[in-house]
Structure formats: structure tokens, C-alpha cells
1. Just checking, how many residues over the stretch 50-84 are in contact with a strand residue (DSSP E or B) (Cβ under 7 Å, 6 or more places away or on another chain) and either over 24 Å from residue 40 (Cα atoms) or free of Cβ contacts under 8 Å to residues at least 12 places away in the same chain (or both)?
2. Of everything in the stretch 93-111, what is touching a strand residue (DSSP E or B) at 6+ places or on another chain (Cβ under 6 Å), at pLDDT 90 or above and surrounded by fewer than 17 Cβ atoms within 10 Å (Cβ to Cβ)? Give them in sequence order.
3. Scan the stretch 49-61 for residues that are surrounded by 12 or more Cβ atoms within 10 Å (Cβ to Cβ) and within 16 Å of the chain's Cα centre (by Cα) and jot them down.
């Protein structure tokens, strides 16, 4: 009977250790997540183009685009429209990723 008690204690200790390990893993993930979240927008874009009047055009890694207005809000663009950059370039809009940009900005990662 004594060996069964020792085995039971070992199982309980093993379960406690597993629980402690899981809790530590989750807490480490929760602490590290905000550090990576701050760069979500930067990691999602290939280029950032300044537009007249303080607006910004974001070109995502997949080539689609989104526009941030001068007030920091995601703004609609029409696919195919020509957008004038501050430096004089004419850029043809590809896509309208207003929802993607709005999501990233609402997460506190606006440009």
C-alpha cells in the first residue's frame, strides 16, 4: 500500500508541475504578445507613401493598398484610380483594403 501512496503522490506532483508549466507558458505568451503587436502594421506593409494634405497610402505585402486620411482614419479608395503621391508620382490603386487597415489601426498600430 505504501508504494501506491508514493505513486499517487508522484502523479499528483507531476500534474502540479504540468499545470505550473502550462501557466508559465501562457503568461509568457501574454507578456510577449503586446511586444510583437506594436509592429503589426509595419510587418504587414511593403511600402508607405506620403500623399498630399497629410494622407498616407499603405502598400501591403500582397500588393493591395489602403489609404489613411489626414485624421488617422482608414479611407476608401477605388481600385484603378490614380493617386498622386506627395513627391509627384502617380500610383494606380490596387484593391481597397480599408477593413485590413482599419483593423490594424484599431489595434493601436496606426501610422
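1. Here is the first cut: in the stretch 50-84, the residues in contact with a strand residue (DSSP E or B) (Cβ under 7 Å, 6 or more places away or on another chain) are 50-52, 55-61, 65-69, 74-75, 77, 80, 82-84.
Still in the list and also either over 24 Å from residue 40 (Cα atoms) or free of Cβ contacts under 8 Å to residues at least 12 places away in the same chain (or both): 52, 80, 82-84.
Count: 5.
2. 94, 95, 102
3. If the condition is that a residue be surrounded by 12 or more Cβ atoms within 10 Å (Cβ to Cβ) and within 16 Å of the chain's Cα centre (by Cα), then 58, 59, 60 are the ones that fit.
The values are calculated or read from the model by the stated rules, or taken from the named source; none is laboratory data. In this text, all values refer to a predicted model and were calculated from it rather than measured experimentally. Quick reminder, even Gly has a Cβ in these numbers, built from the backbone with ideal geometry, and neighbours come from all protein chains shown.
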